[in-house]
Amino acid sequence: MLHLTDPVSDSGRAYQARCGASSYPDRLWSLLDMINFFAGRLSRVLGELHLTISTCGNNERHIRQIGLHNLTEDDQEKLDTARDEIVSQIDTIAARCKHAVENISSPHIDRAIASITRLKEDDFQWADCKRRFITLREAITIELEHHFYYQYKKDKGLLFFNWKPDWQDVISAFPNAEYDIFSAVDCYALEHATASVFHSMRIAEIGLRAIATNRGLQLPKDKLVEWATWQEIIRALDEEISKIGKMPAGREKDRLLSFYSGARADINGFKDEYRNVVMHVRMTFDEYQAASALMRVKDFMKRLAAFGLSTVG
């Protein structure tokens, strides 16, 4: 019986989803063999390669058993359809392979990918097609033996992979915070809680400086805001809030007091609960404390952005 499963067809995807990568007998590793690796993309690619190899092998055996000259018209039509389907998907498979290993520089993999793309031009033979796809699969699996990966816990992994849209409002207003936002979320997902708190406080400091710059706070000895301590900026902010409190009653006074007094409370809380102790190595933090710091800092920065503060321009 001819094996006509297309490796990237709906039926192929259904087989892979139903059986999973672990169902393949030639699989060379499990998640336990790796140091925490998100393998969804790679397992799909290896699954497609496996199904292509199986298609080629089954059709090659069918031809060998019956004999090329004994094939019926129906057999030949099915073989031609299977060949055309594989050839039509070669560019897609090659692109997926490149995407799955985009962080790995390997001439071995590059040559193997180039070899399967030439199937579109070369005289197609099932045995040759099978050999080329086996070579590509082996190139990928051999190369992976020299790399280490981290498997995020599912909930933390989802948080990490959505870090940019989750923080987009903040990044748009404070692009110089992007590195620390990424690092704070990544460290939290990696379960490096204290490191996450450290980066969260760097984000908060960017917000603190933005407040000082935007409001034109007067710092001691006309010190630049980049060189001022948190406490110096907080004292200057207290003086500014006192000045706002003396403004005539009205909506503008209420708006400014609400924003700056609230920001001052947040900043003071960050300083005493997180910033001082993490910077001066007085304690470490657990994941719940890190999650709280991350959430509170994000809300703080979003509030600054909504008020119109920014480091753009």
Square roots of 5 times each gyration tensor eigenvalue, C-alpha, region 192-309, largest first, Å: 27, 16, 11
Region 148-198 - convex hull of alpha carbons, volume per residue in Å³: 80
Longest DSSP-loop-exposure-free segment, GluC sites (Glu not before Pro), the chain, at most 12 other Cβ within 10 Å: 146-313
Shape parameters for the chain, alpha-carbon atoms, Rg then Dmax in Å: 29.6, 100
Relative contact order of region 202-289, pairs being alpha-carbon contacts under 8 Å that are 6 or more residues apart, as %: 24
Lys, Arg +1 and Asp, Glu -1 on Cβ, resulting dipole of the chain about Cα centre, debye, nearest 20: 1360
Where trypsin sites (Lys or Arg not before Pro) fall in DSSP loop in region 183-261, at most 11 other Cβ within 10 Å: Lys246
Trypsin sites (Lys or Arg not before Pro) restricted to DSSP loop in region 93-155 with at most 14 other C-beta within 10 Å: Lys153
Per-residue Cβ neighbour rank within 10 angstrom, fewest leading, Ser261, Ser200: Ser261, Ser200
Interatomic Cα distance distribution for region 67-174, bins of 10 angstrom, percent: 12, 29, 23, 19, 12, 5, 1, 0
Translational diffusion coefficient (Stokes-Einstein; Kirkwood radius from C-alpha pairs) of region 248-311 at 4 °C, 1.567 mPa s, in µm²/s: 97
The chain: relative contact order as a whole-number percent, Cα under 8 Å and 6+ apart: 18
Cβ-based net charge around Ser310, under 15 Å, with every Lys or Arg adding one and every Asp or Glu removing one: +2
Rel. contact order, % - alpha carbon contacts under 8 angstrom, at least six apart, region 154-307: 32
Restricting region 263-313 to trypsin sites (Lys or Arg not before Pro) in coil, as DSSP defines it, with at most 10 other Cβ within 10 Å: Arg282
Set of aspartates and glutamates near Lys221 by C-alpha distance (under 18 Å), chain-local residues within fewer than 8 positions excluded: Glu232, Asp238, Glu239, Glu240
Expected 222 nm ellipticity per residue - DSSP helices of 4 or more, -39500 (n - 2.57), all of the chain, to 500: -21500 deg cm²/dmol
Selection from Ser200, Leu217, Ile116 lying farthest towards where the dipole of the chain points positive, charges on Cβ: Leu217
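Each value in this text was obtained by applying a stated rule to the coordinates, not by laboratory testing. Nothing here was measured: the structure is a model prediction, and the numbers come from that model. Virtual Cβ from ideal backbone geometry, glycine too; neighbours counted across all protein chains shown.
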